[in-house]
Structure formats: C-alpha cells, structure tokens
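A short write-up of the structure that comes next.
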Amino acid sequence: MSFCLNAVSIAIPFIWQDDGRPHCIATYDFAGEAAEDLVFKAGSHIFLLKRINSEWLYGSLDGREGMFPAAFVDVVSDIDEGKSSQCICLLSSIKFLNKLLINSFNVLALLLDVRK
C-alpha cells in the first residue's frame, strides 16, 4: 500500500501474518490471461474470497482482486462457502476505509501547507 502526501510518496510494506483467513500460497507465477485475472509471482500469499469452480479461485493480493487457476496455488486454509459473501463485504469496507484514510492524509497535508 502506498499513498502520496504533497508529492512525497510513502510506502507501507505488507508483512504476512496468518490470521486464520482462507488463503493460499502461489506455487507458480501467473501472468494472467484476461483483465479480471489476478497476476502474482510464486511464493505470493493470496487471500481466498470464493471458489468459482473446481479449476478457478477468486482472491485478493496487495489490494487487487481477481480470479486465478487453482492449479497454480497450494491452499493453506480453504474457504467456507457460507462465509464467502461476508468476506467480500468486509473487504469492500476495508477498501472504503483505506480510501478515507488516504483522503484524510491529503486534506491534512493541504492544511499544513496552507499554514506556512
């Protein structure tokens, strides 16, 4: 995740922690074949949001969402289909709060700049 404060870019590194959410680890690179595909490198930790079918999964990585072939990953903690929609709703809420936080930092930066 990164954001800009008055033309100064701040990067916040993502440190993986297993918090019990459904996830998998990529065993191969996946470059994607369509715009809705999730691109990743081998070793990436991907949060699982739903199973599309037996061959395709839908997940989240570094703030991006998309589908990817199940054969390219090892599932560590499988998804409970009943909780799939709850997980997607929670992820949408987190994205909204992230945008709100970034906008708040930008407003704060503008206010500080105006006081100079």
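Report yes if some residue within the range 26-35 is part of a strand (DSSP E or B) and modelled with pLDDT of 90 or more; otherwise report no.
yes
Between a residue in the range 12-36 that is farther than 19 Å from L49 by Cβ and any residue that is in a loop (DSSP other than H, G, I, E, B) and at pLDDT below 95, which pairs come within a Cβ distance under 6 Å, given they are 6 or more apart or on different chains?
Pairs that qualify, where the first residue is farther than 19 Å from L49 by Cβ and the partner is in a loop (DSSP other than H, G, I, E, B) and at pLDDT below 95, are I12/M1.
Considering the range 37-73 alone, what residues qualify as being without any contact (Cβ under 8 Å) to a residue 24 or more places away in the chain, under 24 Å from K99 (Cβ atoms) and either among the aliphatic types (A, V, I, L, M) or in a loop (DSSP other than H, G, I, E, B) (or both)?
S44, L61
Would you check which residues across the range 36-84 are more than 12 Å from I25 (Cα to Cα), under 17 Å from the mean Cα position of the chain (by Cα) and among the basic types (K, R) and list them?
K50, R51, R64
The values are calculated or read from the model by the stated rules, or taken from the named source; none is laboratory data. Not measured: the values here are computed from a predicted model. Glycine gets a Cβ as well: all are built from the backbone with ideal geometry, and neighbour counts include every protein chain shown.
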